[in-house]
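Comments concern the structure below.
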Amino acid sequence: MTSLDTGTRTARTPGRPGGVPPARSGPRPFGLIRHSVALARRSLVKTMRNPEQLIDVTLQPVIFVLVFVYLLGGAISGSTQDYLQFLLPAIMVQTVIFAGMATGVNLNTDIKKGVFDRFRSLPIGRSAPLIGSVLGDVIRYVVSIASLFVFGYILGFRVQTNPLAALAACLLAIVFAFCLSWAFVLVGMMMKEPGGVQGVGFLVLFPLTFGTSMIAPAETLPDWLQAWVRVNPVGQLMDASRGLMLGGPVASHVVVALAWSAGLLVVFAPLAVRAYRRRT
Amino acid sequence: MSYAFEAEGLVKRFGTTTALAGIDLAARRGQVLGVLGPNGAGKTTAVRILATLLRPDGGRAAVAGMDVVRQAADVRRVIGLTGQYASVDEDLTGEENLVLIGELLDLRRREAKARAAELLRDFGLSEAGRRPAATYSGGMRRRLDLAAGLVGRPQIIYLDEPTTGLDPVKRDDMWNIVRRLVADGTTVLLTTQYLEEADALADEISVVDHGKVIAHGTPADLKHVVGGQTIIVRPSDPARLGEVTAILAELAGREPESPGRGVVTVPVEGDAVFTELVRRLDRAGIGVTELSLRLPSLDEVFFTLTGRTTTESDEEVAA
Ligand SMILES: Nc1ncnc2c1ncn2[C@@H]1O[C@H](COP(=O)(O)OP(=O)(O)OP(=O)(O)O)[C@@H](O)[C@H]1O
Ligand SMILES: [Mg+2]
């Protein structure tokens, strides 16, 4: 069974009775990509029409920054300003990953609506509605990163390398979150209620994002936690992000983060699509 | 290949509920099949299987000669679905909904826009097309839903209870839309709980109960199943209802019923009785505001077939 079937068309049935010409033009290539993009546009329009859906991804990074910088910053770094520099590249990663979880939660709600019945009754690839939703949700990542940076700059955060490197750090985080979001889509397909998706999501995300050097340097952590931090891909991603924004070694962290991204995508995307097809 | 769609012995279970217990449905090209049944009869389940949204647990179904399970992707190219529950995106405008479907059907964006405009005009939604569907009334939503099913000019259209919840005027509009589709040669599967609707639109009717077809035929066939006809008399002077009842009882040889105030009805064997009735009423000097001989309603057909009224059947399912 191929899970990621393409929506390419085979021969159309002969003209319908009554002599009315079919509205569909001839076969066009790259069906899956075109359909996914059209559906991503749908997600985007929906998000734009309900901007309150973006409140969580806008406020959450702001709150985390405030809490960590002013509650812990002095204790950990001696100065809130130094701590902000240390924290922000890592919080950026966490923010984007949390936004990816929302994709699974939203899909769980969306899929119960009648419009998914319509998508299923159309001659498009089975995976197209899922790819469309996941792609369309990239807007959430962008909005959350933007609000984090605006806020960070107001508080005094400064990129120490160059804008291109900072942009690369953001893109890397988005790519990783996009790939990881397929795991949340899978959970979204398996759970009955959006609350359940959120519950499972947090269960996975807390060790992944907090079990890192995000809040405090890895050297200060107990040995067993340091072992986890070293294998945790999100930790690698945070190190890459710090390297790209503040300077320091990046290459190996970037490679590891990209490898993990590819691995997550290859494993979870087909599983999510399969779960989606089963759920009828 | 004479059948546009054909289902044989379809079985579908949900846990312990048997939604379909070996249902057979078929319609020739260009015909309207009415699937008539009370709540929970399995109408939606049957439509969802024919629309490739559900896999049957038993039996087989083919649409345009293609198997709904093995050739699901091909089946999806020839069908249009208007589900019982509106399947449009509420956040999108009417136009955006239709353009999206056009694009998913491989129309170029320009073609998709043209098709959307055409459908919105046909369904009287040109103005509303620029507003999110969430702001639509029930009737507008239904029409948009139907339009969405027609974007690809499908050969076969499934309409699952298209008029449930519509007022009589909107219902008539919907009936006219269906008639126009049929005039264009489209095959229609129409499910309904309204006997009147099946009678008005369908070439053939399958009466469904508890996941099975319990009767099939033309609307006229079905009415004949009950046998005989019914005389209805409404005397102009309600005080003379007793006399009319007595005359009817004597002529028909059975006790007439009074289904409403000032009306009596009685089933009769042949129409000879009708002539005799006119003579007797005349001789007694009883004026009438209504005097008719009609085939039984489909409600009565259902009662004859199942021994239950449609509402009783519903309660049983709900219980
Ligand atoms: N997804 C489902 N899970 C469990 N039971 C279901 C499911 N879908 C349908 N059923 C059951 O199957 C039976 C047939 O349902 P169906 O929706 O096909 O009836 P219907 O004829 O369309 O009724 P209505 O006129 O109310 O729309 C019902 O008893 C219903 O409760
Ligand atoms: Mg139904």
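Test of understanding: what is the full-extension gain from B:ASP57 to B:GLU269, defined as 0.36 nm times their sequence separation minus their Cα-Cα distance? Could you put the intermediate results ahead of the total?
On the way: separation 212, 0.36 × 212 = 76.32 nm, distance 4.49 nm.
Computed gain between B:ASP57 and B:GLU269 is 71.8 nm.
Could you tell me what percent of the DSSP beta bridges with both partners in the protein assembly as shown are antiparallel, to the nearest 5? Write out the running numbers ahead of the final one.
Working: 35 of 53 bridges.
Roughly 65 percent of the DSSP beta bridges within the protein assembly as shown come out antiparallel.
For region B:75-147, which trypsin sites (Lys or Arg not before Pro) pass both filters: DSSP loop (anything but H, G, I, E, B) and at most 13 other C-beta atoms within 10 Å? Walk me through the numbers on the way to the answer.
Numbers: sites: B:ARG76, B:ARG77, B:ARG108, B:ARG109, B:ARG110, B:LYS113, B:ARG115, B:ARG121, B:ARG130, B:ARG141, B:ARG142, B:ARG143; in loops: B:ARG77, B:ARG108.
Listed in order of number, the matching sites are B:ARG108.
Interface size between chain B and chain A, please: total buried accessible area, 1.4 Å probe, rounded to the nearest 100 Å².
Details: alone 15530 and 13770 Å², together 25560 Å².
Buried: approximately 3700 Å² between A and B.
So how far apart, in nm, are the two label points at B:ALA117 and B:GLU250 if each is 7 Å from Cα heading toward Cβ?
Going by the 7 Å Cα→Cβ label model, 7.3 nm.
Using a Förster distance of 45 angstrom, determine the FRET efficiency expected from the C-beta separation of B:SER137 and A:SER252, and round it to 0.05. Kindly include the intermediate steps, with their values, before the conclusion.
Numbers: r = 61 Å, r/R0 = 1.35.
Using R0 = 45 Å, I get an efficiency of 0.15.
Using +1 on the beta carbon of Lys and Arg, -1 on that of Asp and Glu, and nothing else charged, what's the dipole of region B:144-226 about the Cα centre, debye to 20?
Working: 7 positive and 14 negative charges, 37 e Å.
Its charge dipole is roughly 180 debye.
Give me the percent of the accessible area of the protein assembly as shown that comes from carbon and sulfur atoms, probe 1.4 Å, all protein chains in place.
Values: 15100 of 25560 Å².
Carbon and sulfur: 59 percent of the exposed surface of the protein assembly as shown.
Under a point spin-label approximation (7 Å from Cα along Cα-to-Cβ), what is the A:ILE55-A:ARG277 distance to one decimal in nm?
4.0
Describe numerically, in nm with one decimal, the distance between label points set 7 Å from Cα along Cα→Cβ at B:ARG279 and at A:ARG230.
Between B:ARG279 and A:ARG230, the simple spin-label model gives 11.3 nm.
Taking only protein heavy atoms and a 1.4 Å probe, what accessible area per residue, in Å², does region A:32-279 have with all protein chains in place? All intermediate terms of the calculation are to be shown ahead of the outcome.
Working: 9910 Å² over 248 residues.
So region A:32-279 comes to 40 Å² accessible per residue, rounded to a whole number.
State the answer as a single residue: which of B:LEU92, B:GLY30, B:VAL188 lies farthest towards the positive end of the charge dipole of chain B, with beta carbon charges of +1 for Lys and Arg and -1 for Asp and Glu, about the Cα centre.
Working it through, the farthest residue towards the positive pole turns out to be B:LEU92.
If Lys and Arg each add +1 and Asp and Glu each add -1, what is the summed charge of the other residues whose beta carbon sits under 15 Å from the beta carbon of B:LEU291? Don't skip to the end; give the middle numbers.
Working: positive: B:ARG234, B:ARG240, B:ARG279, B:ARG280, B:ARG283, B:ARG294; negative: B:ASP237, B:GLU243, B:ASP271, B:GLU276, B:ASP282, B:GLU290.
Combined, the nearby Lys, Arg, Asp and Glu give 0.
What share of the DSSP beta bridges in region B:3-221 is antiparallel, in percent to the nearest 5? Intermediate results must be reported in sequence, preceding the final value.
Working: 22 of 40 bridges.
Just about 55 percent of them are antiparallel.
Enumerate the lysines that A:LYS192 could reach by cross-link, defined here as Cα to Cα under 21 Å, with residues fewer than 8 away along the same chain left out.
Filter leaves A:LYS112, A:LYS113.
Would you mind getting me the FRET efficiency between A:ASP82 and A:ALA165? Use the beta-carbon distance for r and R0 = 25 Å, nearest 0.05. Show your work: numbers first, answer last.
Values: r = 20 Å, r/R0 = 0.80.
About 0.80, to the nearest 0.05.
Please give the residues from region A:114-156 for which the solvent-accessible area of heavy atoms, probe 1.4 Å, is smaller by at least 10 Å² with all protein chains in place than with the chain isolated.
The answer is A:GLY114, A:VAL115, A:ASP117, A:ARG118, A:PHE119, A:ARG120, A:SER121, A:LEU122, A:PRO123, A:ILE124, A:ARG126 - residues whose exposure falls by at least 10 Å² when every protein chain is included.
Within straight cross-link reach of B:LYS113, meaning Cα distance under 24 Å, which lysines are found once same-chain residues fewer than 8 apart are removed?
B:LYS113 reaches A:LYS46.
The values are calculated or read from the model by the stated rules, or taken from the named source; none is laboratory data. The structure displayed is predicted, hence computed values, not measured ones. When we count neighbours, we look across all protein chains shown, and the Cβ atoms used for this are built from the backbone with ideal geometry, even at glycine. Quick note on the areas: whole protein, heavy atoms, side chains included, nothing else; ligands and nucleic acids left out. Shrake-Rupley method; radii C 1.70, N 1.55, O 1.52, S 1.80 Å.
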